[in-house]
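Values quoted throughout were computed directly from the atomic coordinates according to the rules given, and no laboratory measurement underlies them. On a predicted model such as this, the values are computed, not experimentally measured, just so you know. Cβ sites come from the backbone with ideal geometry, for glycine too, and all protein chains shown count toward neighbours.
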Amino acid sequence: MSVFKAGNTALITGGASGIGLAVAQLCFKHSMRVAIVDRNTDTLSRAKKTLSSSDVETYEVDVSKSSEWKTLRESVLKKFGPVDFLMLNAGIGAKGTWGDEDYFAKIMGTNLFGVINGLNAFVPEFQKRSGDKPSSIVITGSKQGITNPPGNAAYNASKSAVKTLAEHLSFDLKDTKTSVHLLVPGWTFTGLSGNVPGSTTTKPVGAWEPSQVADYMYKKIFDGKFYIICPDNDVTEETDKKRMLWTAGDLVQGRPPLTRWRPEFKEEAEEWMKKQSV
């Protein structure tokens, strides 16, 4: 049995554009009822027109505020009933540096507490479920939360924390009918790379379309995979695995952190990547 089933309810944060909208469209194609959550009123309006149906509702919510989640939960339950597919996808990609309090607060507020608030609002209801009806929770992470490249400490930390939360949630729900999945997109043509709804920006050759990520996610959920590490047109699954292994090696081998980007380790890392098989 699949959670993508007619009459089931999906709730997707960051759902008005990019990957979130692509997953909303996927759910809609399966005749699901869809709650699209976002804080951008323009993209919410566009999404509502794109998926014009009584089975689709949009909600303007700041996911960083727990009080707004309580209102959202009540509204969705009243409109559609219990949520069967919860996707916590909202995220921002601001840049900043040490001493920039707003940078850390904004990133953590949306990327981390947007997930924490969503889980606190809905996981207790998933835990109370009985019977054989399947349900799923998807949390959107990032490769930056795994391989940790330099240059955006708050973003990387937020996505690393999200990975940890998803792993614990998967363990805590292992004896239920709720499957948990960490979606880790590759380079995807979303608003973070210029694909704002209504824009005429051309997709970079190396990037995937959001619909490709949604289709890949769908297949991996069907296959029962927790880690959904998406490739793109530039980076293969094999390359991703090598990068993750090298990163883990910093800890295991006692090297300093982020050696892939340190000049004194550059040649060694490149040679290892060429020779390593996964």
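Among 263-273, 71-81, the peptide with the highest mean count of other Cβ atoms within 10 Å heads the list, and the full ranking is 71-81, 263-273. Assuming a ≥ b ≥ c are the square roots of the Cα gyration tensor eigenvalues, decide whether the range 1-87 counts as rounded (a/c under 1.5), prolate (otherwise, with a/b larger than b/c) or oblate. In terms of gyration-tensor shape, oblate.
The residue among THR176, ASN111, THR13 whose Cα reaches farthest toward the positive pole of the charge dipole of the range 9-234, with charges on the beta-carbon of Lys, Arg, Asp and Glu, is THR176.
The protection proxy used here, the mean number of other Cβ atoms lying within 10 Å of each residue, ranks peptides 85-94, 165-174, 25-34, 218-227 as follows, highest first: 85-94, 25-34, 165-174, 218-227. Using the Cβ-Cβ distance between LYS174 and SER45 with R0 = 35 Å, the FRET efficiency computed as 1/(1 + (r/R0)^6) comes to roughly 0.30.
Averaging Cα coordinates gives a centre for the range 242-259 and one for the range 29-58; these two points are 42 Å apart. For the cross-link pairs LYS5/LYS29; LYS128/LYS177; LYS241/LYS274; LYS143/LYS241; LYS48/LYS220, the ones whose C-alpha atoms lie over 18 Å apart are LYS48/LYS220. Peptides 41-48, 11-18 ordered by packing proxy, namely the average of other Cβ atoms within 10 Å per residue, highest first: 11-18, 41-48. With unit charges on the beta carbons (Lys and Arg positive, Asp and Glu negative) and the dipole taken about the Cα centre of the chain, which residue among LEU72, PRO82, GLN212 sits farthest to the positive side? Checking the options against the dipole of the chain, the answer is PRO82.
Helix 41-50: angle to the longest alpha-carbon principal axis of the chain, degrees 0 to 90, nearest 10? Rounded to the nearest ten degrees, it is 70.
Using only Cα atoms, tell me the angle between helix 18-29 and the longest principal axis of the chain; keep it within 0 to 90° and round to the nearest 10. Helix 18-29 sits roughly 40 degrees off the main axis of the chain. Along its three principal directions, the equivalent ellipsoid of the chain from the Cα gyration tensor extends over semi-axes of 32, 21, 19 Å, largest first.
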